[in-house]
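Notes for the one structure printed next.
The values are calculated or read from the model by the stated rules, or taken from the named source; none is laboratory data. Given the structure is predicted, the values throughout are model-derived calculations rather than measurements. A quick note on method: Cβ atoms are made from the backbone with ideal geometry, for glycine too, and the neighbour counts reach across all protein chains shown.
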Amino acid sequence: MALGYEDTPLLPGGKWTVHDVRRPQPPVVDPGTPFSQDAPGKPPSDAIVLFDGKSLDGWKNKDGAAAQWKVENGYMEVVPKTGDIWTKQAYGDMQLHLEFREPEIKGEGQGRGNSGVFLMGCYEIQVLDCYQNQTYPDGTTGGIYGQYPPQVNACRAPGAWQTYDIAWVAPRFDGSRLISPAYVTVILNGVILHYHKALQGPTQHKRLAGYAPHANTGPLRLQDHGDLVRFRNIWVRPIDFYENLA
């Protein structure tokens with residue numbers, strides 16, 4: 001059976017025809033396995049593993065010193081007052097997966113299991129225990145902090161492992177001019193919270209966000225907000241979303 005055709009119309013904006021037999025086949029990737037409450041999932045075969053449950057060798061503090069968070073039983077846990085931790089490598093467009101667990105210590109509002117996932121080091125997706133806990137909506141779990149609330153609250157109860165799956169498109173600059181904002185799709189526990197949402201700029205607290213030119217890539221950053229939040233099974237798949245539109 002023929003794999004495709006060579007006599008069909010040219011698709012708009014590209015070099016391939018409809019059902020083009022010459023178009024490259026997608027590379028084969030083992031999709032990994034789902035997570036459970038007892039064990040993290042297995043990353044896809046082409047993923048870059050940022051935390052494998054054993055060491056923080058790929059992470060550092062802001063000043064470049066070794067990360068000081070606790071590692072045990074396959075997870076890392078925030079050690080309050082040791083500071084945020086940053087990946088040693090920088091990333092632009094990417095698919096990100098991580099699993100987090102909120103402490104069962106009770107608080108309220110922003111004082112309950114607070115942390116954050118900072119894409120490129122400066123764009124925050126909020127981590128918070130919002131299970132039966134309200135706060136300002138753009139600071140809720142899954143919120144693009146200070147900009148957009150999630151469409152729904154899909155939090156599990158504290159003590160349960162939860163998943164973030166995030167598709168990130170980095171902003172593009174031409175010199176000092178913004179030519180395309182950052183876009184993000186956020187899925188919490190299998191529920192879409194944001195789809196291809198355009199960000200207003202890097203995260204701010206109690207101020208409006210706005211863009212200024214910065215590098216094309218940046219580190220992933222996890223926040224020390226003083227609460228004993230745990231993380232495990234963190235991986236990325238770098239993807240040039242612009243290039244792959246062709």
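Answer with yes or no whether residue 69 is touching a Gly at 6+ places or on another chain (Cβ under 7 Å) and aromatic (Phe, Trp, Tyr). Spelling it out, it is not the case that residue 69 is touching a Gly at 6+ places or on another chain (Cβ under 7 Å) and aromatic (Phe, Trp, Tyr).
Of all residues in the range 148-160, none are under 12 Å from the mean Cα position of the chain (by Cα) and hydroxyl-bearing (Ser, Thr, Tyr).
The rows are residues; the columns are (1) within 22 Å of residue 76 (Cβ to Cβ); (2) in a helix (DSSP H, G or I); (3) at pLDDT 95 or above.
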position	(1), (2), (3)
100	yes, no, yes
103	yes, no, yes
121	yes, no, yes
126	yes, no, yes
131	yes, no, no
134	no, no, no
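No other residue among 10, 56, 3 is free of Cβ contacts under 8 Å to residues at least 40 places away in the same chain, of a type in the set (A, V, I, L, M) and either surrounded by 13 or more Cβ atoms within 10 Å (Cβ to Cβ) or touching a Cys at 6+ places or on another chain (Cβ under 8 Å) (or both) apart from 56.
Yes/no matrix, rows are residues, columns are (1) part of a loop (DSSP other than H, G, I, E, B); (2) under 30 Å from residue 204 (Cβ atoms); (3) in contact with a strand residue (DSSP E or B) (Cβ under 7 Å, 6 or more places away or on another chain):
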site: 25; (1), (2), (3): yes, no, no
site: 30; (1), (2), (3): yes, no, no
site: 38; (1), (2), (3): yes, no, no
site: 64; (1), (2), (3): yes, yes, no
site: 71; (1), (2), (3): no, no, no
site: 81; (1), (2), (3): yes, yes, no
site: 95; (1), (2), (3): no, yes, yes
site: 106; (1), (2), (3): yes, yes, no
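Scan the range 196-246 for residues that are without any contact (Cβ under 8 Å) to a residue 60 or more places away in the chain, more than 30 Å from residue 159 (Cα to Cα) and among the polar types (S, T, N, Q) and the total you get is 2.
The single condition among (1) closer than 14 Å to residue 117 by Cβ; (2) modelled with pLDDT under 95; (3) of a type outside the set (S, T, N, Q) that residue 206 does not meet is (1). The set of residues in the range 96-127 that are closer than 25 Å to residue 46 by Cα and among the hydrophobic types (A, V, I, L, M, F, W, C) comprises 96, 98, 100, 117, 118, 119, 120, 125.
Yes or no: the range 16-35 includes at least one residue that is in contact (Cβ under 8 Å) with a residue 24 or more places away in the chain and either within 28 Å of residue 85 (Cβ to Cβ) or β-branched (Val, Ile, Thr) (or both).
Yes, that holds for at least one residue.
Among all positions in the range 36-49, there is at least one residue which is of a type in the set (A, V, I, L, M, F, W, C) and surrounded by 15 or more Cβ atoms within 10 Å (Cβ to Cβ).
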